[in-house]
Structures are given as structure tokens and as C-alpha cells.
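Everything below concerns the one structure shown next.
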Amino acid sequence: MSDVPELVWHDLECGSYRADLALWSELAREHGDPILDVGAGSGRVALHLARAGHQVIALDRDRQLLDALSERANGFSVRTVCADARSFALPERQPALCLAPMQTIQLLGGSAQRTEFLRRAHAHLKPGGLLACAIVTDLQSYDCTSGPAPRPDIARADDLLYVSYPISVRVLRERIVIERDRLVIKADEELSDDALASRSPLRRTHSTIELDRLSPRQLEREACAVGFRPEPLRRIAMTEDHVGSEVVMLRA
Ligand SMILES: C[S@@+](CC[C@H](N)C(=O)[O-])C[C@H]1O[C@@H](n2cnc3c(N)ncnc32)[C@H](O)[C@@H]1O
């Protein structure tokens, strides 16, 4: 079978997370528009805010994800910008709020790269505007070959199941390496977990994501160096399927 578009896996692995949406909505109501969503992907957060009436600028470096976001916006106010978070420049008026949900700031490749993003965010925010970054700090290492694995993410399209199995998390000194097996399985009926695991996939690929290890204090120090003032942290509680996050709040 042909390659599965990255959008399918992105929606499957990120799309069902909802625990953070109440916080982003609260901050959006407090700060007003426009809101800059950094690493917006296919629009989980951007579309949630736009449907509530906000004007959102959705920035991501992945054009395919942004195209899906634009299609889904369906008349709501979202402008997409395909750019790198570490070097973007926006022409329009300054956002009052910049969000970096779901550990996006831990994908930037270490302290120097993160500082480039912090500089861009500071340069674009209105004076007194807020940058809020969700980071994960308390992931535990595991390996599914030596213990119970978390539940896979599963989506169905016609007679195909798209299944993303978390295989391992390795917490290293500077990085967290998360590995997944992505399977496409032909199935025209509901399958139990055991039946699912015994099916031969039509396609199997491996995905590795590396997050920078980052504490709130370290991010606050880096942000202070480019002119932000830290405010009290917020927290997004863990859910049955997702770890909790700290949200670092940085005032421009
Ligand atoms: C974990 S996903 C989060 C997607 C979305 N914000 C959400 O919460 O569902 C991280 C997103 O950041 C984007 N990304 C990673 N590095 C980036 C960079 N340097 N510049 C812009 N976007 C980046 C990826 O393409 C991906 O869409």
C-alpha cells in the first residue's frame, strides 16, 4: 500500500487530547485577539479557539498539516503561516497571546534553538502579552517488552484500522526519546486487543520523537534572558491516556 499521510498519524496521536483546551480558552478570553498558536499542527487548539470566536494565527513548519487545518476551519478565523518557530516573522498586528501547546517547545532542538524561538515570540507579542508553553517534566521510562504498554491510539477509515502503539519511552540526560509502531491493519469487524495484536499489518512503520528535557525553571531562566517576566505556573492534570503538563507563563 502507498505511504500513509503524516496527517493521519498526527490526528491519531494528538487529536484526541482535550485536557488542555479549558486553559487555552481561559487565556484567550483574558488576553483577546489575535492569538498565535505555535506548532499548530492540524489545528486541535487553533480550531477550538477559532470556533469560540477568536482570531487565530496558526504557525507550523508542516504545510500538509496546515492545509488540513485551513480546510477544517470552514469559515472560522484562522490564518495559517508555514514557518519555523525559531525564525518566523509575521507582518500583522501583534498578538496578545502566544501559545505553545503539547510540548512543542521541547521539539526545537535544545537551549540555543529554544532561545531563538523565545526571541521571536518576544519580538512579536504586544507589550504585556503572554507566552504560555506546556511542557512535560515527569515522564517515566518504560519499554513495552518488559512491562504493560499504554493503550494504542486507534482510528478507523472504511475497512482499515490505523493503530499507533507506544513502544518505549527513554528518559536520557538531555532528551526523552519516545518510540511508536504505526500499523495499518485490514479489519472489517471490531477486534479485541488480542485479535488486533495477532493480525499481520498491511504496513508497519516506526516513529521516533525526541523531546528536550526541560524544567520550568530552566525555561523561565532562558525566557528572562530575552526579556520575559515569569508568572506563576499553571498545571494541566494527567488523564487516563495522557501525562500531565506544567504550563510556563511568560509575560512580555
Ligand atoms: C506535538 S505537535 C502539537 C500539535 C498541536 N499544537 C496540538 O497541540 O495538537 C507539535 C507540532 O509542532 C510542529 N513543529 C515542530 N517543530 C517546529 C518548528 N521548529 N517550527 C514550527 N513548528 C514546529 C510540528 O509540525 C507539530 O505540528
Whenever you get a sec, compute what percent of the accessible area on the range 14-164 sits on carbon and sulfur atoms (1.4 Å probe). 49
Of Cys98, Ile178, Ser25, which is farthest along the charge dipole of the chain in the positive direction, counting Lys and Arg as +1 and Asp and Glu as -1 at C-beta? Cys98
Which of Thr115, Thr145, Thr104 moves most in a GNM of the chain, Cα contacts under 10 Å? Thr145
For Met102, Met249, Met238, what's the largest-to-smallest order of accessible area, 1.4 Å probe? Met238, Met102, Met249
Under the rule a/c < 1.5 gives rounded, and otherwise a/b versus b/c splits prolate from oblate, where does the range 159-252 land using the Cα gyration tensor? prolate
To the nearest 20 debye, the range 164-213 has a Cα-centred charge dipole, built from +1 on Lys and Arg Cβ and -1 on Asp and Glu Cβ, of 340
Dipole magnitude of the chain about its Cα centre (Cβ charges: Lys, Arg +1; Asp, Glu -1), debye to nearest 20: 1040
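Would you mind getting me the FRET efficiency between Arg175 and Ala225? Use the beta-carbon distance for r and R0 = 25 Å, nearest 0.05. Let's see the in-between values first.
On the way: r = 22 Å, r/R0 = 0.88.
That gives a FRET efficiency of 0.70.
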Rounded, prolate or oblate, given the Cα gyration tensor of the range 1-128, with a/c below 1.5 counting as rounded? oblate
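Tell me whether the range 119-218 comes out rounded, prolate or oblate; compute the Cα gyration tensor, take square roots of the eigenvalues as a ≥ b ≥ c, and use a/c under 1.5 as the rounded threshold.
It comes out prolate by the Cα gyration axes.
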Just how large is the dipole of the range 60-169 about the Cα centre, in debye to the nearest 20, putting +1 at every Lys and Arg Cβ and -1 at every Asp and Glu Cβ? 560
Amide H partners (placed H, <5 Å) of Gly129, local residues excluded: Ala252
What is the helix-to-structure angle for 63-73, meaning the angle in degrees between its Cα long axis and the longest Cα principal axis of the chain, kept from 0 to 90 and rounded to the nearest 10? 80
With all protein chains modelled, accessible area of Phe76 [1.4 Å, Å²]: 100
Quick check: pseudo-label points 7 Å beyond the Cα along Cα→Cβ at Thr205 and Arg234, how many nm apart are they? 3.4
For the range 118-131, in residue order, the Karplus 3J(HN,Hα) values (coefficients 6.51, -1.76, 1.60; θ = phi - 60°; whole Hz; Gly and Pro = x) are 4, 4, 5, 5, 5, 5, 8, 5, 4, x, x, x, 10, 10
Heavy-atom accessible area per residue - the range 7-88, 1.4 Å, Å²: 41
Give me the accessible area of Val8, 1.4 Å probe, in Å² rounded to the nearest 10. 50
Across the range 44-52, in residue order, what do the Karplus-derived ³J(HN,Hα) couplings come to in whole Hz, using 6.51 cos²θ - 1.76 cosθ + 1.60 with θ = phi - 60° and x for Gly and Pro? 3, 7, 4, 6, 4, 6, 5, 5, 8
For the chain, with the dipole built from +1 on Lys and Arg beta-carbon atoms and -1 on Asp and Glu ones, taken about the Cα centre, which of Val136, Phe76, Leu233 lies farthest toward the positive end? Leu233
Zone of Glu71's modelled label, taken as backbone nitrogen in the range 148-183 under 17 Å from a point 7 Å along Cα→Cβ: 156-158
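The values are calculated or read from the model by the stated rules, or taken from the named source; none is laboratory data. In this text the structure is predicted, and so the values were computed from the model without any measurement. Don't worry about glycine lacking a Cβ; one is built from the backbone with ideal geometry, like all the others, and counts go over all protein chains shown. Just so you know, the surface numbers come from the protein's heavy atoms only, side chains and all, with ligands and any DNA or RNA stripped out. Shrake-Rupley method; radii C 1.70, N 1.55, O 1.52, S 1.80 Å.
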